[in-house]
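One structure is given below, encoded as structure tokens.
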Amino acid sequence: MKKISKFAINHKKMTLMIYIICLLMSMFEYPKIGVNYNINDYLPKDSESTVAIEKMNEEFGEDVPNMRAMIKNVTISETLDYIEKIEALDVVKSVNWLNDTENVFKPESFMDKDRLETYYKDNNALLTITVDKDEFIRATDEIRKIVGEDNAMTGASVNTAIATVNSVDEIRVVTIVGVLFVIFILIFTTQAWIEPLIVMIGLFFAIVINAGSNIIFKEISFVTNAAGNILLLAVSLDYSVFMLHRYKEEKSNYEDHLVAMEKAIENSFTSILSSALTTVIGFVALVFMRFTIGADLGLALAKGVVISLISVFTLLPVIILYMDNLIDKTEHKKFLPSFDKFANFVFKHRKTFMVLFLIIIIPSYLASTHNSFYFGNSHIYGMDTKLGQDTHAIEEEFGKSDTYVLIVPKGDLERQKALSSDLKELDGVTDIISYVDTVGETIPSEFLDKDLLKKLNSENYTRMIFSVGVDFEGDKTVALIDEIKALANKYYPEEYYLAGEGISTYDLKNTVTADMTVVNLIAVFAIYLVLLLTQKSVSLPVMLVATIETAIFVNMSVPYYIDRTIFYISYLIISSIQLGATVDYAILLTERYNEYRETLDREKAIKKTISTVTVSLLTSALALIIVGFLLGIYSTHGLISQLGTYLGVGTIASVIMVLFVLPSMLYSFDKFIQKTTKGLNFVNDER
């Protein structure tokens with residue numbers, strides 16, 4: 001990389017031209033990249049719900065029901081008119097309602113009461129609809145036109161459609177405001193008016209090139225689309241700032257600015273490389289999640305950090321050298337005060353900070369492991385959104401409900417009847433639509449309505465569509481699914497398929513819970529290994545990782561202490577991102593301490609380290625904090641909002657640990673560090 005950097009700064013025009021070409025190509029490719037907003041599509045291909053959905057598509061040509069619509073103040077006859085209009089839409093696969101299992105023209109007093117109230121209650125009708133999974137936006141819009149704004153719609157398809165439409169505007173707002181805030185931070189933490197522009201130009205190239213290169217994936221997740229670019233801006237900002245600050249230091253030592261740049265690259269190379277590698281590893285660890293949304297985000301961000309790293313050592317030096325005269329001409333006085341007093345304060349109270357650190361480790365860890373979680377997407381939109389209000393309205397009238405589909409081999413009507421009877425006995429199953437329940441065992445199929453027959457029977461299988469009075473997730477849901485699976489396995493041990501929103505969430509919970517330990521262990525071990533190789537130390541990697549891991553424990557204990565349920569996917573992704581992104585701060589501080597200890601005793605070295613690195617560290621950290629909180633504030637998508645909020649909180653925790661606790665560690669274990677680190681040449685305190 002050093003040779004490539006030297007080539008780049010000696011061939012500035014060629015380097016700039018190459019980057020401009022890459023930028024234009026990326027801008028051309030970016031609009032072609034698809035975005036997937038369906039969280040269940042990222043379940044492992046071999047998960048039971050995924051296999052069941054594939055089987056249903058193969059046999060019946062449709063997905064599981066993915067929308068519920070409540071029409072208020074209607075008669076049964078009027079409801080049938082609504083159903084007819086909805087079924088006429090080419091994006092609608094099927095509509096399930098009371099008329100599938102009851103003669104709706106007979107008096108209500110002659111109908112099964114439980115079945116009636118599952119679909120029709122207090123003159124309100126609840127329709128269960130299956131729409132084309134590739135047309136969620138159009139389906140939601142067209143069905144909304146039919147039922148009207150006063151009525152309520154909810155379900156996975158509505159959720160996805162809203163997320164797709166809203167995210168475009170929200171991403172734009174977050175990006176614009178985030179960039180303005182970052183520029184504002186850079187103005188305060190740099191010493192020339194042109195420096196923020198230099199940094200932002202370099203980052204602009206890296207981020208746009210990375211975004212366009214996502215075309216290699218053909219499709220990215222909504223998490224990557226919403227948070228990827230702005231996160232990359234925040235996590236890679238410090239590389240540019242470190243390089244710029246280092247160049248200005250070297251420029252005071254060398255008259256030839258080309259030589260100064262070569263020295264800046266040489267002296268910052270290890271620090272920036274190790275910081276980038278640890279960040280990349282934090283993201284790559286997400287690839288090991290069986291829930292593939294982790295791999296989607298991890299690969300995109302890891303690729304982005306690599307592109308940022310390359311640009312920092314090739315493009316950024318070229319931009320700096322081109323604008324070198326402007327840097328001198330636009331210099332201004334420092335807006336930030338000296339951090340010498342802050343360094344003295346930290347040093348003076350180092351023992352107190354160390355004791356507090358030791359006190360909070362265990363409670364924070366225990367609290368972080370006792371959070372309550374949402375695993376699916378049923379709670380993504382709150383009551384401050386139209387979808388949240390519609391969902392609440394439906395649940396207030398008809399209670400918590402979901403629709404499951406059980407597919408079993410066709411043929412043995414007696415076995416199907418026994419299974420259906422046992423399913424009806426389960427607490428939570430409110431109604432079943434099936435071939436055997438609709439026609440009995442004796443009526444020939446040629447006497448049946450063809451549309452109904454097609455809905456229930458395929459060439460090889462029959463399916464039971466049943467309504468359940470439970471939420472999409474929770475203890476009651478898990479217990480009910482376990483009971484349903486036990487009955488299905490009892491009657492069809494050789495083959496059965498169970499699908500539904502709750503079933504996918506059930507599989508999602510089992511998948512991501514298992515992912516947590518694997519991802520964390522891989523991330524921690526890999527980052528320790530990188531630090532071991534780059535720092536050539538046994539002790540320093542332990543201190544650095546312990547510092548950031550404790551910050552993660554503190555961050556992830558916040559939901560527990562404020563009694564807030566957190567999305568498990570956010571919890572999992574935040575841990576890896578925080579570890580990978582903020583361990584850079586610990587690396588920067590440690591390497592500066594090692595450098596100063598070659599000429600200073602440990603007290604002077606630790607004070608000068610804190611005073612020197614605080615500005616660079618705060619520049620990067622404030623960007624990540626602001627970007628995180630902007631996502632938290634502006635995103636109506638609960639998962640993205642939480643991801644941003646806790647990324648902001650986590651970065652604050654990491655900064656506090658690095659500035660207040662890590663210096664105490666380095667000072668206290670100075671001699672041990674010398675004995676366990678290769679190549680150090682510390683001066684003795686006595687000297």
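The values are calculated or read from the model by the stated rules, or taken from the named source; none is laboratory data. Note that this is a predicted model, so its numbers are computed, not measured. Positions of Cβ are generated from backbone atoms using ideal geometry, with glycine treated the same way; all protein chains shown enter the neighbour counts. Each accessible area value is taken on the protein alone, full model and side chains, heavy atoms only, with ligands, DNA and RNA left out. Shrake-Rupley method; radii C 1.70, N 1.55, O 1.52, S 1.80 Å.
Quick look at the values:
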{"read-out": "Value in Å of the Kirkwood radius, where region 266-316 supplies the Cα pairs that are averaged", "value": "11.4 Å"}
{"read-out": "Part-to-part distance (alpha-carbon centres) for region 283-319 and region 177-249, which is given in Å", "value": "13 Å"}
{"read-out": "Estimated distance in nm for a label pair at Leu366 and Lys334, the labels positioned 7 Å out from Cα along Cα-to-Cβ", "value": "4.4 nm"}
{"read-out": "Mean shadow area of region 315-406, taken as a quarter of the surface of its Cα convex hull (nm²)", "value": "16.5 nm²"}
{"read-out": "Percent RCO, i.e. relative contact order, over region 446-558, from Cα pairs under 8 Å lying at least 6 residues apart", "value": "14 percent"}
{"read-out": "DSSP-assigned coil residues among GluC sites (Glu not before Pro) in region 141-239, each with at most 15 further Cβ atoms within 10 Å", "value": "Glu149"}
{"read-out": "Entries in Lys93/Lys410; Lys218/Lys410; Lys6/Lys329 that, when Cα-Cα distance is taken, lie over 32 Å", "value": "Lys218/Lys410"}
{"read-out": "Accessible surface of the chain [probe 1.4 Å, protein heavy atoms]: carbon and sulfur percent", "value": "58 percent"}
{"read-out": "Value of D in µm² per second that Stokes-Einstein yields for the chain, Kirkwood Rh from Cα pairs, at 25 °C (0.890 mPa s)", "value": "88 µm²/s"}
{"read-out": "DSSP-assigned coil residues among GluC sites (Glu not before Pro) in region 243-336, each with at most 14 further Cβ atoms within 10 Å", "value": "Glu255"}
{"read-out": "Region 1-54 and region 74-145: distance between their alpha carbon centers, rounded to Å", "value": "44 Å"}
{"read-out": "Cα pair distances of region 15-100 binned at 10 Å [whole percent]", "value": "12, 26, 22, 19, 12, 7, 3, 0"}
{"read-out": "Using a Förster distance of 22 Å, the FRET efficiency for Asn103-Lys424 (Cβ separation, nearest 0.05)", "value": "0.70"}
{"read-out": "Cross-link partners of Lys607 among lysines (Cα-Cα below 28 Å; sequence separation of 8 or more within a chain)", "value": "Lys248, Lys251, Lys263, Lys333, Lys334, Lys341, Lys348, Lys351, Lys536, Lys671, Lys675, Lys678"}
{"read-out": "Cα-based convex hull volume of region 576-687 per residue, rounded to whole Å³", "value": "89 Å³"}
{"read-out": "Whole-angstrom gap from region 381-401 to region 490-521, using each part's C-alpha centre", "value": "26 Å"}
{"read-out": "Listed pairs Lys303/Lys608; Lys121/Lys454; Lys106/Lys455 exceeding 26 Å between Cα atoms", "value": "Lys303/Lys608; Lys121/Lys454"}
{"read-out": "Range of Cα positions in region 267-381 per principal axis (Å), largest first", "value": "55, 43, 33"}
{"read-out": "Radius of gyration, Dmax [region 167-241; alpha carbons; angstrom]", "value": "13.3, 42"}
{"read-out": "Average Cα contact separation per residue, the chain, under 8 Å, 6 or more apart, as relative contact order %", "value": "20 percent"}
{"read-out": "Relative packing of 180-186, 611-617, which averages over residues the other C-beta atoms within 10 Å, highest first", "value": "611-617, 180-186"}
{"read-out": "For Ile606, net neighbour charge (Lys/Arg +1, Asp/Glu -1) across residues whose Cβ lies under 11 Å away", "value": "+4"}
{"read-out": "Computed [θ] at 222 nm, deg cm²/dmol, the chain (DSSP H ≥ 4; -39,500 (n - 2.57); rounded to nearest 500)", "value": "-22000 deg cm²/dmol"}
{"read-out": "Sequence-distant aspartates and glutamates (8 or more away, or on other chains) whose Cα lies within less than 12 Å of Lys476", "value": "Asp427"}
{"read-out": "Rough spin-label spacing in nm, given labels placed 7 Å along Cα→Cβ, for Asn73 and Val165", "value": "2.4 nm"}
{"read-out": "Label point at Asn253 placed 7 Å out along Cα→Cβ; residues across region 580-599 whose backbone nitrogen lies under 15 Å", "value": "592-599"}
{"read-out": "Percent of Cα pairs exceeding the 20 Å cut-off, where the set is region 541-612", "value": "46 percent"}
{"read-out": "Inter-label distance for Asp90 and Ile18, nm, one decimal - labels placed 7 Å from Cα along Cα-to-Cβ", "value": "4.9 nm"}
{"read-out": "Neighbour net charge for Leu617 - beta-carbon separation under 11 angstrom, K R +1, D E -1", "value": "-1"}
{"read-out": "Qualifying GluC sites (Glu not before Pro) in region 557-658, DSSP loop, other Cβ atoms within 10 Å at most 11", "value": "Glu598"}
{"read-out": "Two-site FRET efficiency, Phe525 against Ile187, from Cβ-Cβ distance with R₀ of 45 Å, rounded to 0.05", "value": "0.65"}
{"read-out": "Beta bridge orientation in the chain: antiparallel %, DSSP, nearest 5", "value": "85 percent"}
